[in-house]
Each structure stands twice: as structure tokens, then as C-alpha cells.
Amino acid sequence: MDIERLKQLAGITGNTNNLITMKSVEQEMAERQRERMKNVMREEEAERVTLEPLPYSLDALQPVLSKENVDYHYNVLSNGYVTRYNNKEGDPKFNYGGAKLHNLFWQQLKPAKEKSELDGPIAQTIEANFKDIKGLTEALIEQAKTIQGSGWVYMTATGTIKTTPNQSFQPDVLMPIDMWEHSFTDYIPAADAKVKYIEGVVGLINWDAINRRVEAWD
Ligand SMILES: [Fe+2]
């Protein structure tokens with residue numbers, strides 16, 4: 001086989017048209033690379049997290065959670081996950097999970113003095129799985145006791161109680177309860193601190209907020 005045939009098979013014909021084609025490919029690849037980078041930057045921008053404003057005052061959860069506890073937990077700790085994630089400091093998965101879980105936690109509560117009727121779809125789910133709120137509370141307590149170290153106990157949209165370690169966000173989290181020690185400092189050093197804290201927090205749940213999550217679930 002002669003050299004010209006080999007060049008032909010390799011796509012090398014030596015004419016200037018091919019050089020133009022090669023340059024176009026390089027330009028095309030560079031353009032695509034720029035587009036991919038733009039997409040990545042857009043995604044990162046979209047994935048920025050925010051600290052959602054508390055829908056009540058810092059002292060509204062008393063006597064279940066003290067003003068001091070909520071102030072530190074929300075303004076310092078919850079805010080810290082958001083800030084570190086957005087500033088790309090530390091472990092992004094940990095901080096992203098911390099930001100998302102805490103937002104869900106704070107937004108699902110209502111002032112201690114306000115009543116919240118259990119109705120809508122979540123009422124049916126709770127009745128079917130736990131009979132009533134007392135049953136739900138007992139299931140949450142039972143699961144929370146299995147957490148080794150720090151983590152969260154949560155209910156899914158279908159009424160399953162699960163736990164997740166540290167700040168590991170899970171896609172099936174509907175109603176998370178923070179089980180890090182910083183959450184229940186108001187109840188320490190009582191031996192049943194976790195039990196009293198969970199009982200109190202369940203009493204603060206805004207069931208309308210939970211129903212809105214259920215209805216938005218896809
Ligand atoms: Fe927390």
C-alpha cells in the first residue's frame with residue numbers, strides 16, 4: 001500500500017481543506033468546553049443554599065425550646081452550614097445536608113401557644129401507620145434511640161420512621177427532627193432528655209406545613 005493510500009485511510013490528504021476542518025473541530029471542542037463550564041457554574045449557582053427566615057420569633061417555641069437554644073441553634077449553627085456551603089469551606093456534602101435538614105426542621109414548627117390540627121393527607125398516613133400522634137411520637141423515640149452519635153430521626157411521606165447520621169440529607173426526608181445534642185440542651189442532664197425533647201417537638205409541629213410538603217411531593 002502506498003503512502004498516499006495510507007494517508008487517505010487515515011484521513012490525511014494534505015490539502016488545506018483538512019487543516020481548516022481540524023481547526024474547526026478544535027474551535028468546536030473549545031466552544032463545547034466553555035458551554036460545559038458555564039453549565040457547571042450555573043448548577044453551582046442554583047445549588048447555593050439559603051437560611052430560610054424563621055416563621056416565628058426566637059422565643060415562640062418556649063417552653064419546649066428556650067429562646068437561647070433557638071437563637072444559638074438557628075443563628076449560629078444552622079447559619080454556619082449555609083455559610084460554609086456557599087463559601088465552599090469544609091465538606092460540601094455535610095454542609096449541604098446540614099443546611100437542608102435545618103431549614104426543614106425550623107419551617108415545620110409553629111409557636112408553642114398556637115394550635116395545629118392534624119388533618120389532611122398526613123393525618124391519614126399517621127392514622128394508618130401509628131394510630132395517632134402518640135403512636136407516632138413513640139415510633140420517633142424508638143428510632144431516635146438507635147442513632148449512634150449525632151444524627152436525625154425523620155418521617156417519610158409514606159409514614160416510615162428512619163434515621164440518618166450526622167448531616168446526611170436523604171431524598172425521602174419529609175419531617176426531620178434534629179437529634180444532635182445541641183438540639184436538646186434544654187433537657188440535659190435529665191436521663192430522658194431525648195424523650196422529653198421529642199415529645200415537645202412533636203407538639204410544635206405545624207401539620208399544615210407538613211401537608212404542604214406532602215402535596216408538593218413528586
Ligand atoms: Fe442542629
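The values are calculated or read from the model by the stated rules, or taken from the named source; none is laboratory data. All values derive from a computational prediction rather than experimental measurement. Positions of Cβ are generated from backbone atoms using ideal geometry, with glycine treated the same way; all protein chains shown enter the neighbour counts.
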Query raised in the report: Residues of the range 84-120 being touching a residue at least 12 places away in the same chain (Cβ under 8 Å), surrounded by fewer than 15 Cβ atoms within 10 Å (Cβ to Cβ) and in a helix (DSSP H, G or I), which ones?
Result: Lys93
Query raised in the report: Does Ile177 qualify as being under 18 Å from the mean Cα position of the chain (by Cα), of a type in the set (Val, Ile, Thr) and closer than 12 Å to Ile198 by Cα?
Result: yes
Report summary line: When restricted to Thr137, Thr146, the only residue at pLDDT 95 or above, loosely packed, with under 13 Cβ neighbours inside 10 Å and either more than 20 Å from the chain's Cα centre (by Cα) or under 20 Å from Val64 (Cβ atoms) (or both) is Thr146
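Among the residues of the range 197-207, is any within 16 Å of the ligand (Cβ to nearest atom) and touching a helix residue (DSSP H, G or I) at 6+ places or on another chain (Cβ under 6 Å)?
Taking every residue of the range 197-207 in turn, at least one turns out to be within 16 Å of the ligand (Cβ to nearest atom) and touching a helix residue (DSSP H, G or I) at 6+ places or on another chain (Cβ under 6 Å).
Can you pull out every residue in the range 195-213 that is of a type in the set (S, T, N, Q) and either outside any helix (DSSP H, G or I) or more than 20 Å from the chain's Cα centre (by Cα) (or both)?
Initial filter on the range 195-213 (of a type in the set (S, T, N, Q)): 206, 211.
Across the range 195-213, the qualifying residue is only Asn206.
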Query raised in the report: For the range 151-177, how many residues are within 11 Å of the ligand (Cβ to nearest atom) and out of contact with any Leu (no Cβ under 7 Å at 6 or more places or on another chain)?
Result: 2
Query raised in the report: When the range 160-179 is examined, which residues are found to be surrounded by fewer than 18 Cβ atoms within 10 Å (Cβ to Cβ) and touching a Ser or Thr at 6+ places or on another chain (Cβ under 9 Å)?
Result: Lys162, Pro165, Asn166, Gln170, Asp172
Report summary line: A careful count of residues in the range 92-134 that are at pLDDT below 95 and aliphatic (A, V, I, L, M) gives 0
Requested in this report: Quick one: count up the residues across the range 178-194 that are under 20 Å from Gly90 (Cβ atoms) and either in a loop (DSSP other than H, G, I, E, B) or more than 14 Å from the ligand (Cβ to nearest atom) (or both).
Outcome: 1
Report summary line: Of those in the range 175-187 that are in contact with a helix residue (DSSP H, G or I) (Cβ under 7 Å, 6 or more places away or on another chain) and without any contact (Cβ under 8 Å) to a residue 60 or more places away in the chain, the residue farthest from Asn75 (Cα to Cα) is Tyr187
Report summary line: In the range 160-172, anything within 17 Å of Ile198 (Cα to Cα) and part of a loop (DSSP other than H, G, I, E, B) is listed as Thr160
